[in-house]
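K.L.:
The structure follows.
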Amino acid sequence: AVELTLSALARRMEDPELRAVAISGLEARGAVPEDLLALGLADADFRVRVATVRLFASERAAAPQHAVLARALAAELRAIVYSPVGGGTRAHVLTEALERLRPFSREVEVASAARALGADAQAAFKDPKAAPVRRVLDLVHCLATAIEARATGTSRPLATCGEASGSGWPLHERRKLRVRVLAEGVGPPDERAQTLSQLAQDADPRVRAEALSALIKAKEPLLFGAADRLIPVALADADTGVVGAVADAIGERAAASAVPAAWTDALVGRAMRVPDGEVELRLSLFEALAAAKVRAASRVLDGAMSDPNAVVRAKAQSALRALGLSPKAVPARPATPLPFDPADVLGRRPRLVVETARGGFVIELDPDVAPHGVAALVSLARRGFYDGVVFHRVVPGFVVQGGDPTASGWGGPGFLLPGEPSSLPFLRGTVGLADAGPDTAGSQWFVTHAHTPHLEGRYTVVGHVTAGLEVVDALVPFDRIERVRVEGL
């Protein structure tokens, strides 16, 4: 298998997706061949380069291999600075490597290479040619600083990382990175508890959600004690994403150990105030209540048995059974009518033209397969819903996802779509609807970088990218949609 993979890379004769899959398979076999790094990083396809990075930044690789990869990143940074499309797919390779190498920050050569890379990223701001990539340079500087923070045992440099441009990598993302590093155990417990407590009260709800989750999951008593004081207030937060993240973390904690009664009381109180349309939040709260064995939640769960959404009813039913209670059979309330008519798109071939700073791409929609999903996207695009919204999630080699006006992963349009799964494959360039379970999709959609068979039959396919797939490949987190036009209707 190792020889076949090396031969395929050397000859470039196979499908690039197969080359990437072959490299990923080597990690499972515990094989990290020395000759693979140079071949993999030189590949024309970014998915192969990302797969190579993941292999050489894994636990299967030895310290000398981590060091070779870390040293190779300087060339990637230089290529990004002079990229005509704002970093393009090279940014995926560099940022993925820095994220994956962070656990190995105590290895001297990894820390040294990261320190040099961070300095180079800051210095690159002085080059006028680097203007299109300043946000990527900010990210590189922060990720490199995170490695140095773990190597030196202090997260303080992360408080000011990525500020060279003044308007590059978003502040909330920088603070979330600091939370993750603190959660990884960097710094004395008292300092970590104080900093996380401050970040748990940040003005940005995305930062609050990240910090509160870290405190809830913390093993040290000092950090857990800080969470104890904050959680009842956090569960009354006006932001859905904060409450959902807290509920998810409590559920995870409760599955392993008991949680304070004040938390479960606050969970019940918030669950009673969630409107029908907040399906994802209700699912998180019900799961947390079941994990924490809160029998006082029976009133909330009984009431949810008549919810218009079948997924909510099923979750309430399973939560009641987990509590040793019998669900009551009651009629479901009627759902709120959708603000569009799927019949308007049937038999047609509408297209979405998505314009970004990196260029445009075209999505051909298929209303015969998913009339509700297509009609929703068309309706939202026509009223400018997507204009100015960012791609909040990018997983190189997998998907790029947008459509959330809150950029948190919890946002939506205020309505829910019926699931429309099909037998269509999720090939490269397929556009699907993101959801929190069947019948919970809204405005969020994603485009696949590669064939993703595990999505098939589960998520709704609404169309395919027919032009500009190279633009989709080059998108990095927080690239903004400038405008979406509807054609073909």
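The values are calculated or read from the model by the stated rules, or taken from the named source; none is laboratory data. Treat the numbers as computed from the prediction; the structure is a model and nothing was measured. Cβ coordinates were reconstructed from backbone atoms using ideal geometry, including for glycine residues, and neighbour counts include every protein chain displayed. Protein only, heavy atoms only, side chains kept; ligands, DNA and RNA dropped before computing areas. Shrake-Rupley method; radii C 1.70, N 1.55, O 1.52, S 1.80 Å.
K.L.:
L325 to A261: extension gain in nm, 0.36 nm per residue of separation minus the Cα-Cα distance? Let's see the in-between values first.
P.N.:
Values: separation 64, 0.36 × 64 = 23.04 nm, distance 2.02 nm.
Roughly 21.0 nm would be gained on extension.
K.L.:
What order do Y386, Y459, Y82 take when sorted by accessible area (1.4 Å probe), most exposed first?
P.N.:
Numbers: Y386 5, Y459 55, Y82 135 Å².
Putting Y386, Y459, Y82 in descending order of accessible area: Y82, Y459, Y386.
K.L.:
Here's a follow-up. Sticking with the crude label model, points 7 Å out along Cα→Cβ, report the distance from R480 to A296 in nm, one decimal please.
P.N.:
So the label points at R480 and A296 sit 4.6 nm apart.
K.L.:
List the aspartates and glutamates whose alpha-carbon lies under 16 Å from that of K293, not counting same-chain residues fewer than 8 positions away?
P.N.:
The qualifying aspartates and glutamates are D248, E252, D265, D302.
K.L.:
Net charge near A335: determine it from the other residues with C-beta under 11 Å of the C-beta of A335, scoring Lys and Arg +1 and Asp and Glu -1. Show your work: numbers first, answer last.
P.N.:
Numbers: positive: R333; negative: D276, D307, D439.
My count for the surroundings of A335 gives -2.
K.L.:
Determine the order of T240, T406 by accessible area, beginning with the largest, at a probe radius of 1.4 Å.
P.N.:
Details: T240 30, T406 65 Å².
Descending order: T406, T240.
K.L.:
For D43, what accessible area in Å² do you get when you roll a 1.4 Å probe over the heavy atoms of the protein chains, rounding to the nearest 10?
P.N.:
Its accessible surface works out to 0 Å², give or take rounding.
K.L.:
Same structure again: Label S112 and A38 with points 7 Å out from Cα along Cα→Cβ: what is the distance between them in nm?
P.N.:
2.1 nm
K.L.:
Let me check something: with ligands and nucleic acids excluded, how do H451, H66 order by accessible area (1.4 Å probe), largest to smallest?
P.N.:
Numbers: H451 80, H66 5 Å².
So, going from the largest accessible area down, we get H451, H66.
K.L.:
I would also like to ask the following. Which distance in Å, rounded to a whole number, links the C-alpha centroids of region 144-194 and region 31-70?
P.N.:
26 Å
K.L.:
Cβ under 15 Å from D120's Cβ, D120 left aside: what net charge do those residues give with Lys, Arg +1 and Asp, Glu -1?
P.N.:
Working: positive: R71, R78, R90, R115, K126, K129, R134; negative: E76, D127, D138, E148.
Counting the neighbours of D120, the net charge comes to +3.
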